[in-house]
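Have a look at the structure below, then the notes.
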Amino acid sequence: MGAGDMAEAQGQEEKTMNAVLSIAKSIARSGEGSLIIIARRSEVEGLYETHYPQISSTSLLTEQGMNVVIEKLATIDGAVIVTPMGELIAFGARVLKSTTLPGYGTRHAAATGITESIPTATAVLISEESGLIKIFQKGNIVIEMDAAEINPNAMEKVVAFLTRNDMALIAAAGLSLAVQVPYMDIILLGGSYIIVKAIFEVTSFVLKGSSEKEKA
């Protein structure tokens, strides 16, 4: 794959991640729960089974109208699985790899287990109880956010962090340290918050709107 093809693929992965996070926020605002898994088709094969007859679609998640379809499918019991390019693999899926998290339910177990089994996968869990969105990679929660809309520039950095695993991209979003408590840095960033967990640290961000930058 040439440099141009790699850049194009990276761009599509980021578009897919951004679309999934937008769907997750919409589901969280509706008060429902869900689990959306982003994984390569070849890697997730054999790690799930479906509850319902499946539909076949050649449309990508990033194409017009597909976000509505995926959102509806995501509220059905079971997980939605899409590829990093945005192809629908399955919906209403039962994940066969799970790792129990004390105090949490089957969605958390599935999100932990599938991302442990597939190091390149990302699982986006929407909690029906708390309304929070938890993003799992390599068996750990790496980001936690609420359903509020945030600065698109900051969201771009979050998406890039999730697809490239580069903490510098989060710092580039213009986050500023507001409060420090033991084992947790809380960073304010306008109406929403993100908790980033990396290298044995837990960092909480609250996103500042672009209006604050304009006032400065």
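No value in this document is a laboratory result; all are computed from the given coordinates. Here the structure is a predicted model, which means the values were calculated and not measured. Glycine also receives a Cβ, built like all others from the backbone with ideal geometry; neighbour counts cover every protein chain displayed.
Below are the figures for this structure:
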| quantity | calculated |
| --- | --- |
| FRET efficiency, Leu101 to Gln10 (Cβ-Cβ, R0 22 Å, nearest 0.05) | 0.10 |
| Proxy reagent accessibility, fewest Cβ within 10 Å first, across Leu88, Leu47, Leu61 | Leu47, Leu88, Leu61 |
| Linear extension gain, Ser56 paired with Thr120, 0.36 nm per residue minus alpha-carbon span | 20.6 nm |
| Global geometry of the stretch 3-145, whether rounded, prolate or oblate, following the gyration tensor of its Cα atoms and the 1.5 cut on a/c | rounded |
| Inter-site label distance for Lys138 and Glu49 at 7 Å from Cα along Cβ, in nm | 3.2 |
